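Asks: Quick one: the structure is below, questions incoming.
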Amino acid sequence: MIDELFVDLSRLQFAVTALYHFLFVPLTLGIVWVLFIMESVYVMTGKEIYKDMTRFWGKLFGINFAIGVTTGLTMEFEFGTNWSYYSHYVGDVFGAPLAIEGLMAFFLESTFVGLFFLGWDKLSKRQHLAVTFLAALGSNLSALWILVANGWMQLPLGSEFSPETMRMEMTNFADVVLSPVAQAKFIHTVAAGYVTASMFVMGISSYYMLKGRDLAFAKRSFSVATGFGLAAVLAVIVLGDESGYVLGHAQETKLAAIEAEYHTEEAPAAFTVIGLPNDETMEVDYALKVPYVMGLIATRSVDKEVKGLTDILKENETRIRNGITAYEYLLKIRQGDKSEETREAFDSLKEDLGFGLLLKRYVENPVDASEEQIKMAAKDSIPPVAPLFWSFRIMVALGFYMLLVTVLAFYYNAKRVIAEKKWLLRALVLGIPVPWLACELGWFIAEYGRQPWAIGEVLPTFLGTSSLTSGDLIFSLIGFVLFYTFLLIVEMFLMFKFARLGPSALHTGRYHFEQDAKAVKPAPAE
Amino acid sequence: MILDYEVLKFIWWALVGILLIGFAIADGMDMGIGSLLPFVGKTDEERRVIINVVGPHWDGNQVWFITAGGAIFAAWPAVYAAAFSGFYMAMLLVLFALFFRPVGFDYRSKLGDARWRKAWDWGLFIGGAVPSLIFGVAFGNLLQGVPFHLDEFLRAHYEGSLLTALLPLLNPFALLAGVLSFAMLTMHGAVWLQLRTDDVIAARARKAVALMGVITIACFALAGVWLTYGIDGYRIITQPPLDALPDPLGKEVEVVAGAWLDIYTTCPLAIIAPVLGFAGALLTILLSYIGRPGFGFVTSALSMAGIISTAGLSMFPFVLPSSTHPDSSLTLWDAPSSHLTLTVMFWAVVIFLPIVLAYTIWCYARMWGKVTVQEIQERSHSAY
């Protein structure tokens, strides 16, 4: 039926290339605004140090941005190369935000980013500031359209299946764009990017303070980052992605899995802080629960219940049975039956067609499925709980850690004693990788929690693949891993080198490593 | 304004063509310059001059490639699905070559080590030359048909493993198309380089224009003859009404010699495309020779527009012909998205493309001027 190895390899390659890509995206999303703030101060006050700050952090941004663009190239084409049937099946809806992203956002970002780096001498101060702003705006709009596309995968609004063209078709563009899931994801994702950038700038500035180098530069950079970071980290936590999870059935399943909510509880549900989820018994062993909290987090209310997985499973089994009938009618229509009765019968059940397709993992024609296969497909319809349960808890814990250090940094910075708090500076330096880990876990939760669907309750992931072979995938997967790892090593090497060097990298003659040289020979005239 | 489905299907065929031409003019120029980099620039400083000619613009230019990919996804999902997975290994080759460019531009001059810089120079060369060649190879294969078919659920299938399917893609006609594409993009890059540099670099670029221009003309002529006498075209015998819901399996197709020339009898004006291809390249050589590379850039853009249009028009209305199951071929009538999606995307292009062009031109205008060795020496720490 389905070559499981091939499907797993296809998923693995997409996961690897997407997670690699997202190592570079969040910093870009945030640091562009940090640069814009710094440069605005420069334009308003005329203080040269803010120009140096913009240029130096801009250099680090450039090192990151280049590899972000590189890994992004793959993403634009990977749906076609590796998810060919997916592309056919949903391209009518999914392709539009992707294309608009290019036209409206990526052009803007990329056209102006070149002038950001190389236009300092050719543009007036205000022109350059406008260029920085437009590049920043472009990068964030890019995220908006990508998350519109991704939000639609989670909750496919504004579209319906057409048996004549054998694909999903757009029925309302505004519903696709204004999807609450997409909006929640956008806010959560860009805010996470802002946190990443502020943790990055704070961390590296802390390093200079610990070394006692370029203190004026470091403290000013630190101040910009703490203010920006505090607002962002609050936004990430308060406007968590979870707010979108009560909308739509597939999202409910994800929520229940994240919270290891095997059984529907009376509202307001208790929150399982920690425990050992067991998919076999469908119980959480050694659970530590806090009453009310779950209901508040998930539904923002005390009277709505959070549905448990056992109930979802039962509903899904019914929907699989409906899906089988829907598939039967679909076959009739595909074979040329144009009667209205068939069409009406199909339309009344087509919401469940995707559930019927889940059976294709086991039988060529879902109509021939046995009882046992229906049970297996129902079991497939919910994702494994433990990986989601744990990833989510680690992500949240990291989020609170970042909140804590950002609040402390903000407080001590406001009191102007930050340079004395060595323990906090050290924690900030060591904590630089934390936001990246949280971001990657966030994507893992969003996409693994969507399984078994490529498009929520519409298209099972295993059906979305291209007609390639496992050999092709092994070849390309190894290629991507090697190439990306090589690039990552080069990137990290340059990043460490320039971060250690600090603003001396600008060769203005004003910073730490240039002071000795300056004593020997006069700085060249600007 | 709501346009007819049939009209929109046709408009989208033209728009994809325009995006591909835009890609060739903008990103093709950078790739051409990448291909020339190790040869036109002999010293490190000369190479930095060449890199900084495209330095502020390569990223914006590359978005033409990404947008063309996105637009094909949105407007012709069936083509996006079948073509990119069918050309899997070729597509990987293009991507892996392109990977060298963003990092190459940004990282190359960040370290002073000569080996480091030389390595990235060759990376930028690969990032220019390989895609230039493969895009032509892809077109060469489109003209011959691609071995795929669609099943009853419209899933695309191919024969055997694609790992071994890369070699058949590199057949003689496709390679000729590849050389043509490489030569025209490199000619285009060279004339831009001649315009934006001086002294020895501009002189070498001028020689490259002449060489690449001649190869372009020769390959284009040879490909035309080959297409007329050696390659069977595809012709639709019956098909559903043009405004019908897209059904790629609803037509009958025959494969006949000379069918790729049908358009030139049904629509004699189509001959403008190949004429433009030849005349543009010829004028580019002349204008470059007499020291007018600015006009040469315009004519080389027109030449590329002519050559790409010739390929598109010859295949009209086919977009992705199938060599093994001709009835599964995809055409501009049966591969598009729904009426609503085509409408939404049409307006997205109508609104945003002029805006993109306007700010792109502004950016070029601000960064105008010849890039010189002296300038690179002055801005040694901030230039690429």
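Asks: Consider B:S309 against the criteria (1) over 22 Å from B:F182 (Cβ atoms); (2) among the hydroxyl-bearing types (S, T, Y); (3) crowded, with 21+ Cβ neighbours inside 10 Å: it satisfies all of them except one. Which criterion is unmet?
Replies: (1)
Asks: How many residues does region A:105-132 contain that are farther than 15 Å from B:A358 by Cβ, of a type in the set (A, V, I, L, M) and either modelled with pLDDT under 95 or surrounded by fewer than 24 Cβ atoms within 10 Å (Cβ to Cβ) (or both)?
Replies: 4
Asks: Looking at B:W368, B:W333, B:W362, can you tell me which residue is within 28 Å of B:G280 (Cα to Cα) and in a loop (DSSP other than H, G, I, E, B)?
Replies: B:W368
Asks: Select from region B:56-73 the residues that are facing chain A (nearest Cβ under 7 Å) and under 24 Å from B:H157 (Cβ atoms) and write down the one among them that is nearest to the chain's Cα centre (by Cα).
Replies: Result: B:G69.
Asks: Now for a different question. Could you grab the pairs with beta carbons closer than 8 Å, sequence gap of 6+ or different chains, first residue in region A:329-348 and under 17 Å from A:P366 (Cα atoms), second one among the hydroxyl-bearing types (S, T, Y)?
Replies: As it stands, the answer is A:Y329/A:T342; A:K332/A:T342; A:I333/A:T342; A:F346/A:Y329, since those pairs meet every condition given.
Asks: If you go through region B:108-124 one residue at a time, do you hit one that is in contact (Cβ under 8 Å) with a residue 24 or more places away in the chain, within 14 Å of chain A (Cβ to nearest Cβ), of a type in the set (A, V, I, L, M) and surrounded by fewer than 24 Cβ atoms within 10 Å (Cβ to Cβ)?
Replies: Within region B:108-124, none of the residues are in contact (Cβ under 8 Å) with a residue 24 or more places away in the chain, within 14 Å of chain A (Cβ to nearest Cβ), of a type in the set (A, V, I, L, M) and surrounded by fewer than 24 Cβ atoms within 10 Å (Cβ to Cβ).
Asks: So which of B:I308, B:I285 ends up being closer than 30 Å to B:V7 by Cβ, under 21 Å from the mean Cα position of the chain (by Cα), more than 14 Å from chain A (Cβ to nearest Cβ) and part of a helix (DSSP H, G or I)?
Replies: After applying the criteria, what remains is B:I308.
Asks: A further question on this structure: Just wondering, is there one or more residues in region B:95-107 that are assigned to a helix (DSSP H, G or I), of a type in the set (D, E) and facing chain A (nearest Cβ under 9 Å)?
Replies: yes
Asks: Looking at A:F65, A:F77, which is the one that is part of a helix (DSSP H, G or I), among the hydrophobic types (A, V, I, L, M, F, W, C) and more than 7 Å from chain B (Cβ to nearest Cβ)?
Replies: The unique qualifying residue is A:F65.
Asks: Can you tell me which residue in region B:198-225 is farthest from B:M304 (Cα to Cα), limited to those that are surrounded by fewer than 18 Cβ atoms within 10 Å (Cβ to Cβ) and touching a Phe, Trp or Tyr at 6+ places or on another chain (Cβ under 8 Å)?
Replies: Within region B:198-225, the match that is farthest from B:M304 (Cα to Cα) is B:A210.
Asks: A further question follows. If only one of A:L482, A:L488 is surrounded by fewer than 20 Cβ atoms within 10 Å (Cβ to Cβ), under 20 Å from the mean Cα position of the chain (by Cα) and of a type outside the set (V, I, T), which one is it?
Replies: After applying the criteria, what remains is A:L488.
Asks: When you check B:S300 against the structure, is it away from every other protein chain (no Cβ under 14 Å), under 18 Å from B:T197 (Cβ atoms), under 22 Å from the mean Cα position of the chain (by Cα) and not in a loop (DSSP other than H, G, I, E, B), yes or no?
Replies: yes
Asks: Would you call B:L154 within 14 Å of another protein chain (Cβ to nearest Cβ), closer than 30 Å to B:I33 by Cα and modelled with pLDDT under 95?
Replies: No; evaluated as a whole, the condition is false for this residue.
Asks: Does A:A454 count as part of a helix (DSSP H, G or I) and of a type in the set (G, A, S)?
Replies: The answer is no for A:A454.
Asks: Could you please find all residues in region A:178-203 being touching a residue at least 40 places away in the same chain (Cβ under 8 Å) and over 17 Å from the mean Cα position of the chain (by Cα)?
Replies: A:S198, A:M199, A:F200, A:V201, A:M202, A:G203
Asks: Which one is surrounded by the most Cβ atoms within 10 Å (Cβ to Cβ), of the residues in region B:370-383 that are facing chain A (nearest Cβ under 10 Å) and under 14 Å from B:G112 (Cβ atoms)?
Replies: Taking the candidates together, the pick is B:A383.
Asks: Do we have A:A135 as within 30 Å of A:D347 (Cβ to Cβ), within 12 Å of chain B (Cβ to nearest Cβ), part of a helix (DSSP H, G or I) and touching a residue at least 12 places away in the same chain (Cβ under 8 Å) here?
Replies: No.
Asks: Identify, by number, the condition in (1) touching a residue at least 24 places away in the same chain (Cβ under 8 Å); (2) surrounded by fewer than 24 Cβ atoms within 10 Å (Cβ to Cβ); (3) over 20 Å from B:F318 (Cβ atoms); (4) within 13 Å of another protein chain (Cβ to nearest Cβ) that B:F39 doesn't meet.
Replies: All conditions pass for B:F39, except number (4).
Asks: For region A:154-245, which fully contained helices (runs of 4 or more DSSP H) count at least 2 residues that are within 14 Å of another protein chain (Cβ to nearest Cβ)?
Replies: Of the helices (runs of 4 or more DSSP H) lying wholly inside region A:154-245, those with at least 2 residues that are within 14 Å of another protein chain (Cβ to nearest Cβ) span A:173-177.
Asks: Identify the residue in region A:367-404 that is without any contact (Cβ under 8 Å) to a residue 40 or more places away in the chain and over 19 Å from the mean Cα position of the chain (by Cα) and, among all such residues, is nearest to A:T281 (Cα to Cα).
Replies: Out of the qualifying residues, it is A:M376.
Okay, residues lined up against (1) facing chain B (nearest Cβ under 7 Å); (2) among the β-branched types (V, I, T); (3) farther than 30 Å from A:S467 by Cβ:
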residue	(1), (2), (3)
A:V90	no, yes, no
A:F94	no, no, no
A:S110	yes, no, yes
A:A130	no, no, yes
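Asks: Within region A:112-128, work out how many residues are facing chain B (nearest Cβ under 8 Å) and in a helix (DSSP H, G or I).
Replies: Result for region A:112-128: 7.
Asks: Look at A:G102 and say whether it is under 19 Å from A:V148 (Cα atoms), surrounded by 23 or more Cβ atoms within 10 Å (Cβ to Cβ), within 10 Å of chain B (Cβ to nearest Cβ) and not hydroxyl-bearing (S, T, Y).
Replies: Taking the combined requirement at face value, the residue satisfies it.
Asks: Here's a check for you: in region A:246-262, which residue that is outside any helix (DSSP H, G or I) and crowded, with 19+ Cβ neighbours inside 10 Å is modelled with the lowest pLDDT?
Replies: Only one residue tops the list, namely A:G248.
Asks: Against the definition (assigned to a helix (DSSP H, G or I) and modelled with pLDDT under 95), how does A:A523 come out, yes or no?
Replies: Answer is no for this residue.
Asks: Mind checking which residues of region B:213-271 are polar (S, T, N, Q), outside any helix (DSSP H, G or I) and either within 30 Å of B:L36 (Cα to Cα) or touching a residue at least 24 places away in the same chain (Cβ under 8 Å) (or both)?
Replies: B:Q239
Asks: Of (1) hydrophobic (A, V, I, L, M, F, W, C); (2) buried (at least 21 other Cβ atoms within 10 Å of the Cβ); (3) at pLDDT below 85, A:L239 satisfies all except one. Which?
Replies: All conditions pass for A:L239, except number (2).
Asks: Please go through region A:437-476 and pick out each residue that is surrounded by fewer than 24 Cβ atoms within 10 Å (Cβ to Cβ), of a type outside the set (A, V, I, L, M, F, W, C) and farther than 30 Å from A:S162 by Cβ.
Replies: Selection gives A:E440, A:T469, A:S470, A:G471.
Asks: Hey, another quick one. Six or more apart or on different chains, Cβ atoms under 7 Å: show the pairs whose first residue is in region A:280-299 and without any contact (Cβ under 8 Å) to a residue 60 or more places away in the chain and whose second is in a loop (DSSP other than H, G, I, E, B) and among the aromatic types (F, W, Y).
Replies: A:M282/A:Y262; A:E283/A:Y262; A:V284/A:Y262
The values are calculated or read from the model by the stated rules, or taken from the named source; none is laboratory data. Computed from a predicted model, the values in this text were never measured in an experiment. Every residue, glycine among them, receives a Cβ derived from its backbone with ideal geometry; neighbour counts consider all protein chains shown.
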